[in-house]
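Working notes, beginning with the structure itself.
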């Protein structure tokens, strides 16, 4: 009798181990499409991006005009004749910063609440990105004087005329591919393409004005910080900041990705058009198959339940709503 009890106990322990293993490896819920809505009728759209709070998104049309939509896909604002490039949301989702195609090349700050009314700060500024508190914009200050290239990181004070130039940057601004600030720490990271040598990733301590190399020989050249500041996604590799390690095996190719709020998932569109999410903890991909169309450049909300992307059939914007069950 005692032997039988021990055997039953051992069997139950095995069952428990299997259940716990499945609980940590299987997805927590199943993705399903709730609706797909085409929200534009003229193609050639680019750069769709949801705001951090998920209440609106922007995209650039074929005339390089910036258009802002609400979360239902209804057009809110169309800003004409701005000649802007690389727009990015402020942390509070109230403003945009962008490059400006002009002789002075300032940074444009566009106020969403005031119909994208533009203010301009700085000059010769490229690759703008917001500080984590939204009080500054960091950009690359670049000029060519008597054959010598000058390239420095420049801090532009939002709402004022002040600026601060510091930290020498790589001379060729075109090889600096992406630059963003950590959401919780005073750290900026940027990627520098080395051609056949791959990409180098650098970090800059904005308090100490110190630059250091994090990694080199990378395939990806994007810089997507996780909300907790512990990871950087390059588009091909995961950089674990505290351990200073590179995880590439089993990672997807996702040049455009959005982190979930808990920093456990990446949401993106695959090269074949499928929408997907990737579990960082167990390195597992869950795919929402879209069989009848090719969708690209998807931008998700941080809960993964809404995505705006480009329809591969005609280049228009699609708004996709998802549910979990």
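It is to be established whether one or more residues within the range 287-296 are part of a strand (DSSP E or B), at pLDDT 90 or above and surrounded by fewer than 20 Cβ atoms within 10 Å (Cβ to Cβ).
no
Residue 87 versus (1) part of a strand (DSSP E or B); (2) within 26 Å of residue 309 (Cα to Cα); (3) over 17 Å from the mean Cα position of the chain (by Cα): which is the lone unmet condition?
(3)
Would you confirm, using the coordinates I've provided, whether residue 160 is under 22 Å from residue 207 (Cβ atoms), at pLDDT below 90, out of contact with any helix residue (DSSP H, G or I) (no Cβ under 6 Å at 6 or more places or on another chain) and assigned to a loop (DSSP other than H, G, I, E, B)?
Taking the combined requirement at face value, the residue satisfies it.
Go through (1) under 26 Å from residue 221 (Cβ atoms); (2) out of contact with any helix residue (DSSP H, G or I) (no Cβ under 8 Å at 6 or more places or on another chain); (3) crowded, with 21+ Cβ neighbours inside 10 Å one by one and return the number of the condition residue 142 breaks.
In the conditions (1) under 26 Å from residue 221 (Cβ atoms); (2) out of contact with any helix residue (DSSP H, G or I) (no Cβ under 8 Å at 6 or more places or on another chain); (3) crowded, with 21+ Cβ neighbours inside 10 Å, residue 142 misses (2) alone.
Which fully enclosed strands (runs of 3 or more DSSP E) of the range 183-270 have 2 or more residues being more than 20 Å from residue 130 (Cβ to Cβ), under 13 Å from the mean Cα position of the chain (by Cα) and at pLDDT below 95?
Here the list reads 265-269.
Report yes if some residue within the range 37-44 is at negative phi, in a strand (DSSP E or B) and surrounded by 14 or more Cβ atoms within 10 Å (Cβ to Cβ); otherwise report no.
The answer is no, given that none of the residues of the range 37-44 is at negative phi, in a strand (DSSP E or B) and surrounded by 14 or more Cβ atoms within 10 Å (Cβ to Cβ).
So the check is Cβ under 7 Å with 6+ separation or different chains; which pairs have a first residue in the range 157-171 that's on the phi > 0 side of the Ramachandran plot and free of Cβ contacts under 8 Å to residues at least 60 places away in the same chain and a second one that's surrounded by 11 or more Cβ atoms within 10 Å (Cβ to Cβ) and part of a strand (DSSP E or B)?
So the pair list comes out as 167/152; 167/153; 167/204; 167/211.
Before we move on, is residue 323 surrounded by 21 or more Cβ atoms within 10 Å (Cβ to Cβ) and part of a strand (DSSP E or B)?
In short, no.
Residues 171, 154: which one is part of a loop (DSSP other than H, G, I, E, B) and in contact with a strand residue (DSSP E or B) (Cβ under 8 Å, 6 or more places away or on another chain)?
From the options 171, 154, the qualifying one is 171.
With respect to residue 102, is the statement that it is surrounded by fewer than 19 Cβ atoms within 10 Å (Cβ to Cβ), assigned to a loop (DSSP other than H, G, I, E, B) and at pLDDT 95 or above true?
For residue 102, the condition - surrounded by fewer than 19 Cβ atoms within 10 Å (Cβ to Cβ), assigned to a loop (DSSP other than H, G, I, E, B) and at pLDDT 95 or above - is not met.
The values are calculated or read from the model by the stated rules, or taken from the named source; none is laboratory data. From a predicted model like this one, the values you see are computed outputs, not experimental measurements. Here the Cβ is made from the backbone with ideal geometry for all residues, glycine too, and neighbour counts use every protein chain on show.
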